[in-house]
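Working notes for the structure below.
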């Protein structure tokens, strides 16, 4: 079993940490979405009687340590929560300890959003003024209300996570696994699509204050280097919702590093984001 802590994230390589974190999050998200039919194996009935229905993982916890504390078998806890070997858990994860406990409702499952088609806004037609022998008056043209660019891909409605200029584009040869946007400290960072926050912390020092959002059909988006996080793990968000403020944590300049991962592998964000 692995011990999940901030220290282990800080000393590992960036690429390995991101891969491990994404896989761990995918397993943790399955816990929220599914139940468990396995009967818990109780090693100590007295301790089990005092065990809470759910336990929130803290820094330094391991699955075997939690099981021993409440008189349970760690294999039984793993089966109840669909945690596969090597039984990794993460800080903030909610783990079921009793089979008949009512499922928590603080984090609702991500539901598939119906694709939203592009919309257009009709420009009002100027009304001509009556002609006069010496003067002709015209009505000024009214500008349309700006529309946020939207695209649809894989059953999701996608928007750009930042309105800032692109500093660096996706380039795996240069180890740039997403798009880097420039801007000012405090500029808004938006969720690129509907989903559920599965990580919101600073456990990966190279990425600073980091948010990971899980979407349908195997997509995960990452938002790094924020100065402030406006959402928490387990919270549902919608496309275009402000989730953070741009900053420079984990880097030497103010920017947003935005990544899109499909089944755990980074892809070019331009494959799903609107072009304009």
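No value in this document is a laboratory result; all are computed from the given coordinates. Bear in mind that the values here come from a model prediction, so they are computed numbers and not experimental data. Virtual Cβ from ideal backbone geometry, glycine too; neighbours counted across all protein chains shown.
Applying 0.36 nm per residue to the separation of residue 64 and residue 47 and subtracting their alpha-carbon distance, the gain on full extension is 4.7 nm. Cβ crowding within 10 Å ranks 187, 194 as 187, 194, fewest other Cβ atoms first.
Counting every other Cβ atom within 10 Å of each residue's Cβ, 160, 99 order from fewest to most as 99, 160. Taking every C-alpha pair closer than 8 Å and separated by at least 6 residues, the mean separation divided by the residue count of the stretch 151-271 gives a relative contact order of 29 percent. The stretch between residue 249 and residue 268, if pulled fully straight at 0.36 nm per residue, gains 4.5 nm over its current Cα-Cα span.
Here the residues 206, 257, ranked from fewest to most Cβ neighbours within 10 Å of their Cβ, fall in the order 206, 257.
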